[in-house]
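K.L.:
Sending over a structure as C-alpha cells; questions will come in a sec.
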C-alpha cells in the first residue's frame, strides 16, 4: 500500500510472460527513445494471463512452426517492455573543472514516476529516464533538471511536470548482456510481493535481466533456446546516494524523507558532495504523486526535460592547486632575482 490512498490501476500482464520466456539478444531489445512512452503500467508479480489472438491457419502449418511463431511473438512483446538504457544519456567521464555537460531533447513518460517510486510499493522504472556518468577521482557533482516544451505535453500542459532526481552508484546491465527490466524473473523474485516494479528513489534497490542465448542448435533450428545460454541472467544493484525534488509535499506527497526545493517551478538542482571514483546512474522522473489519477495510462503524456551535470574540484584539491601555483611563481621569481 502506498503512502497516499491508492488509486485504481489498469494491469497489463505482458511482462510476467517476458520473465518466463527470455529472448535472445537482438537490436530490437535495445532501448529506444519511444520504449518508455508506450509500455502500460503493470504489477509484474501478478500471474501470467497473456491472451494472444492468432489468426494463423494452424491446420496448414507444421506444429513446430506454430510454436516458433508464438515464441517470436512473445519475444517481440518482451522487447517492447521497459528496459534500463543510457542511449543519448551518457555524460561520459566527467572532467573535474566546473564545466557543464548537458543532455537535452529527452522526454519523460508521465508526471509522477519519481514520486511514485518513493512510496512503499516501489515504482515502474520506465516512468522516467536513466542517465550515467563516471568519475576517476573524488569530486562534488551538481545535477540539474529543467523541463522544456518537448513531448506530447507541448500543448500547454507542460507545467504539470515537476522533476525529481535520484543519484545512485552503479549501472544497469550493458552490452553484451540483455538490458535490465522490471519483469525479469530475477527482478520479480528479488523484491516484495505486490510491488509495481523494482525502482526505488529514496533507497538502495536492484534489478535483473534475461539470459542471452546462443544461436539455435543446427539439429533443432526451430527451437530458439536450443543453443543454450551465452550470458546468464544476473542482478545489478544501485546504491542510493541522494535526491532532490521540485516543489513541496503538496506535489510529491507525504513519503517520509523526501527533500524538496520549496518552489514548484519545473527546475531542480542539487550538489552531491564528495563522490568517490566510479560509475553513477541518475534517475529523473515526475515528482507529482497525485497526478496518477489524471494519467491512468496505458499511454502516458510525455514531458520534455534537459539534464545537466558539472563536476567541482574538492576544496582540498583547489587548495593544493593554489599552493602549487604559488610555489611555482615563487621559484620563478627567485630564479629571475638570481
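The values are calculated or read from the model by the stated rules, or taken from the named source; none is laboratory data. Small disclaimer: the values here were computed from a predicted structure and weren't measured. Because the Cβ atoms are built from the backbone with ideal geometry, glycine has one as well, and the counts that use them run over all protein chains shown.
K.L.:
Could you pull out the residue among 160, 155 that is within 27 Å of residue 291 (Cβ to Cβ) and surrounded by fewer than 18 Cβ atoms within 10 Å (Cβ to Cβ)? So that I can check it myself, show each step before the final result.
P.N.:
Values: 160 fails: surrounded by fewer than 18 Cβ atoms within 10 Å (Cβ to Cβ).
Going through 160, 155 in turn, just one is within 27 Å of residue 291 (Cβ to Cβ) and surrounded by fewer than 18 Cβ atoms within 10 Å (Cβ to Cβ): 155.
K.L.:
Moving to a separate point now. If you scan the range 224-240, which residues turn out to be surrounded by fewer than 19 Cβ atoms within 10 Å (Cβ to Cβ) and out of contact with any helix residue (DSSP H, G or I) (no Cβ under 8 Å at 6 or more places or on another chain)?
P.N.:
225, 226, 227, 228, 229, 230, 231, 232, 237, 239, 240
K.L.:
So how many residues does the range 267-316 have that are closer than 30 Å to residue 138 by Cα, in a loop (DSSP other than H, G, I, E, B) and more than 18 Å from the chain's Cα centre (by Cα)?
P.N.:
If we filter the range 267-316 for residues that are closer than 30 Å to residue 138 by Cα, which is where we start, we get 267-287, 305-316.
Filter again for in a loop (DSSP other than H, G, I, E, B), leaving 276-277, 287, 313-314.
Applying the additional criterion that residues be more than 18 Å from the chain's Cα centre (by Cα) yields 276-277, 313-314.
Residues meeting the conditions: 4.
K.L.:
What's the number of the condition residue 134 fails, among (1) in a strand (DSSP E or B); (2) crowded, with 18+ Cβ neighbours inside 10 Å?
P.N.:
Only one criterion in (1) in a strand (DSSP E or B); (2) crowded, with 18+ Cβ neighbours inside 10 Å is unmet by residue 134, namely (2).
K.L.:
Related question: Can you name the residue in the range 182-195 that is out of contact with any helix residue (DSSP H, G or I) (no Cβ under 7 Å at 6 or more places or on another chain) and part of a loop (DSSP other than H, G, I, E, B) and is also farthest from residue 116 (Cα to Cα) among such residues? Outline the logic, then answer.
P.N.:
Our first condition is that a residue be out of contact with any helix residue (DSSP H, G or I) (no Cβ under 7 Å at 6 or more places or on another chain); within the range 182-195, this holds for 186-187, 189-195.
Within this subset, residues satisfying the condition of being part of a loop (DSSP other than H, G, I, E, B) are 190-195.
Working: 190: 19, 191: 16, 192: 16, 193: 17, 194: 14, 195: 11 Å.
By that ranking, first place goes to 190.
K.L.:
Still on this structure, please answer the following. So for the range 244-255 (the condition being assigned to a strand (DSSP E or B), at pLDDT 95 or above, in contact with a helix residue (DSSP H, G or I) (Cβ under 6 Å, 6 or more places away or on another chain) and closer than 30 Å to residue 174 by Cβ), does at least one residue qualify? Don't jump to the end; show me each part of the working.
P.N.:
Our first condition is that a residue be assigned to a strand (DSSP E or B); within the range 244-255, this holds for 244-245.
Pick out the ones that are also at pLDDT 95 or above and you get 244-245.
Next, only the ones that are in contact with a helix residue (DSSP H, G or I) (Cβ under 6 Å, 6 or more places away or on another chain) stay: 245.
The next check asks that each one be closer than 30 Å to residue 174 by Cβ; those that pass are 245.
Within the range 244-255 (the criterion being assigned to a strand (DSSP E or B), at pLDDT 95 or above, in contact with a helix residue (DSSP H, G or I) (Cβ under 6 Å, 6 or more places away or on another chain) and closer than 30 Å to residue 174 by Cβ), the answer is yes, since at least one residue qualifies.
K.L.:
Separate question: Go through 99, 137, 111 for me and flag whichever is closer than 25 Å to residue 256 by Cβ, at pLDDT 95 or above and over 14 Å from the mean Cα position of the chain (by Cα).
P.N.:
111
K.L.:
Residues 176, 221: which one is under 20 Å from residue 133 (Cα atoms) and either part of a loop (DSSP other than H, G, I, E, B) or at pLDDT below 95 (or both)? Break it down into steps so the answer makes sense when it comes.
P.N.:
Working: 221 fails: under 20 Å from residue 133 (Cα atoms).
Exactly one of 176, 221 is under 20 Å from residue 133 (Cα atoms) and either part of a loop (DSSP other than H, G, I, E, B) or at pLDDT below 95 (or both), namely 176.
K.L.:
If you scan the range 204-223, which residues turn out to be within 19 Å of residue 113 (Cα to Cα) and surrounded by 14 or more Cβ atoms within 10 Å (Cβ to Cβ)? Give the derivation first.
P.N.:
Narrowing the range 204-223 to residues within 19 Å of residue 113 (Cα to Cα): 204-207.
Passing the criteria: 205, 206, 207.
K.L.:
Can you work out which of the residues in the range 119-131 that are assigned to a loop (DSSP other than H, G, I, E, B) and within 14 Å of the chain's Cα centre (by Cα) is surrounded by the fewest Cβ atoms within 10 Å (Cβ to Cβ)? Break it down stepwise before answering.
P.N.:
From the range 119-131, those assigned to a loop (DSSP other than H, G, I, E, B) are 119-122, 124-127; that's our starting set.
Retained after the next criterion (residues that are within 14 Å of the chain's Cα centre (by Cα)): 122, 124-127.
On the way: 122: 22, 124: 28, 125: 28, 126: 29, 127: 30.
Filtering the range 119-131 for residues that are assigned to a loop (DSSP other than H, G, I, E, B) and within 14 Å of the chain's Cα centre (by Cα), the one surrounded by the fewest Cβ atoms within 10 Å (Cβ to Cβ) comes out as 122.
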